[in-house]
Every structure is written in C-alpha cells, then in structure tokens.
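As structure tokens, the structure follows; a few thoughts come after it.
Derivation of every value follows stated rules applied to the coordinates shown; laboratory data play no part. Remember, predicted model here, so these are calculated numbers, not experimental data. Quick reminder, even Gly has a Cβ in these numbers, built from the backbone with ideal geometry, and neighbours come from all protein chains shown.
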Amino acid sequence: MKKVIIIGATSGIGKELAKLFMCNNYKVGLTGLHTNGIEELIQNHPEHLEIRYFDCTKESSSERISELVSLLGGLDLLIFSAGIGHLNGNPGFEVENRANKLNVMAFTEIADWSYRFFEKQGKGHFVTISSVAGLRGYRVAPAYHAAKSYQISYLEALKQKAYRSRKSIYITDIRPGFVETEMSAGKRQFWLVSKEKAAKQIYSLIKRKKGMGYISRRWQIVAIVMKLLPRWIHKRM
C-alpha cells in the first residue's frame, strides 16, 4: 500500500484529494489546523488514515511530518495544499506577513524536507498546489501573487535538482485558476470549478507524474495570455 501525506487537508482541495487517495487504496496522512469537516473521513476510512493537527507557521513542520511518516510506515508522495490569500489591495503588513509565513516560509521548509527525504530514499513525488496567480503580479493581492510566483520558481529549481540526481524523484506544480473553496466564498469569479472536479483533475496529473498542469485545463489559455501581455497594458488593469 502506497503512502501519501497531504499538508492542509482538513478543507477544500486537500480534503477532496484525501478522499480520492483513500478510495484508491492509499494510506493517507493528513495535517491541518482543526477537525472540522473531516469527521466523515475518520468514520469511513479509519484504517487508512493518520492525522496530525498543527500550525505550519508556528511549529516545526519537519518534525510533525517525520512523525506522520513513522505512523504511515513510509512515504511515497507528499502534497502541499496549504495556502491563504487576501483579495484586498492594502491589507497591511501584519496580514500579508502572516500569509507569507505559510505561503513562503512553511512551503520552503516542507519542500526542502520533502526533496531531501526522497533523495535519500532514492525515489518519491512532491506536489504543490501553487496558482495561476504566480504568473504575474496583481494589485488586489500583491503578497499572494508574489508568494505563488516564489513557489513556481522554487519548484522549477527542484525539477532541475531531481533531473541531475538521476533518481526517480518527481516534482509536480499544480496551477489552479478559480476553485470553489472557502477562499473564494462570496466572490464573483469566472470559470469557477468545484473543488471535487479540481481534485479529480489534480489526482489524474499526479498519477501520470506530470511536471505541471492547470486546473481547469482551459486556464492554460489564460496563462499564455498573461505571459504575453505587454507591461503597459498590465499596469493599467
């Protein structure tokens, strides 16, 4: 039985991914801040599930993940699905910094730990749910866009390291557009996909060990436009 750890799995995409992996005979380790919303997972798949509740921004994620690996009896796949953002042009440094502690600092610790673990093991798969937002900066969420850009660049570097290692280490960068989660609640957004549909597409990309993918797939069109958009137009948006 293969083992997967999902960081940020008590809600949203992470929770839906947990359901899919458990239904496909994976032993799953979950992390999150609270028990709300995952009671059904505990009831339906107790034999396939290990849980650790902790705050990635305040505790040593590496130590907690190592504990989960011991409980699971190994690790084949780690998914970083945690993230917060504030759609406000000027939320203030305190709010932005709190988000950066998760989106940048905690991500870096977990990505570094994962790569080193898989390199020592000789194989493994690290996945991050980044965002289309990482392709360009945007006024309504400066820190969030910058953090996702950081994640995309960091994952690109890990792909280079994995290739040069000549080991069976895979890195996957998942870039969602708008997904129906707690972060998007009450906001008018186009091409909004359900978290269930998003999770199914992400699961497919992971199983095929794709290096990168957009959720939903049509966001790839937006990504191309965003990359080609001249700066003089972008700054007026």
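What to note about this one:
- For the range 27-176: rounded, prolate or oblate by the Cα gyration tensor [a/c cutoff 1.5]: oblate
- Computed helical MRE - 222 nm, the chain, DSSP H runs ≥ 4 contributing -39500 (n - 2.57), nearest 500: -13500 deg cm²/dmol
- Candidates Met226, Met212, Met22: whichever shows maximal mean-square fluctuation once the chain is modelled as a Gaussian network with Cα springs under 10 Å: Met226
- Extension gain, Phe54-Ser66: 0.36 nm per intervening residue step, less the Cα-Cα distance, totals 3.0 nm.
- A Gaussian network model of the chain, with springs between Cα atoms under 10 Å, assigns the largest mean-square fluctuation among Ile42, Ile221, Ile13 to Ile221.
- Residue order, fewest to most beta carbons within 10 Å, for Phe117, Phe93: Phe93, Phe117
- Label-to-label distance, nm, for residues given as Asn24 and Leu229 (7 Å Cα→Cβ offset): 3.3
- Scalar couplings 3J(HN,Hα) for the range 42-50, obtained by applying the Karplus form with A = 6.51, B = -1.76, C = 1.60 to θ = phi - 60°, are 5, 6, 7, 9, x, 6, 9, 10, 10 Hz; x denotes Gly and Pro.
- Entries of Lys58/Lys167; Lys120/Lys197; Lys101/Lys123; Lys209/Lys235; Lys3/Lys227 with Cα pairs more than 31 Å apart: Lys58/Lys167; Lys120/Lys197; Lys209/Lys235; Lys3/Lys227
- Sequence-ordered 3J(HN,Hα) estimates for the range 121-132 from the Karplus curve with 6.51, -1.76 and 1.60 and θ = phi - 60° stand at 6, x, 6, x, 9, 10, 10, 10, 8, 8, 4, 4 Hz, glycine and proline given as x.
- Relative to the longest principal axis of the Cα atoms of the chain, the long axis of helix 12-23 lies at roughly 30 degrees.
- Helix 142-165 axis, angle to the chain major axis (alpha carbon atoms, nearest 10°): 50
- Taking Glu180, Glu39, Glu109 as the candidate residues, the one with maximal mean-square fluctuation in a Gaussian network model of the chain, Cα springs under 10 Å, is Glu39.
- Angle in degrees between helix 219-228 and the longest Cα principal axis of the chain, rounded to the nearest 10: 50
- The relative contact order of the chain, computed from alpha carbon pairs under 8 Å that lie at least 6 residues apart in sequence, is 18 percent.
- Relative packing of peptides 153-166, 119-132, 52-65 - highest average C-beta neighbours within 10 Å first: 119-132, 52-65, 153-166
- A simple count of charges around His48, restricted to other residues whose Cβ falls under 12 Å of its Cβ and scoring Lys, Arg +1 and Asp, Glu -1, yields +2.
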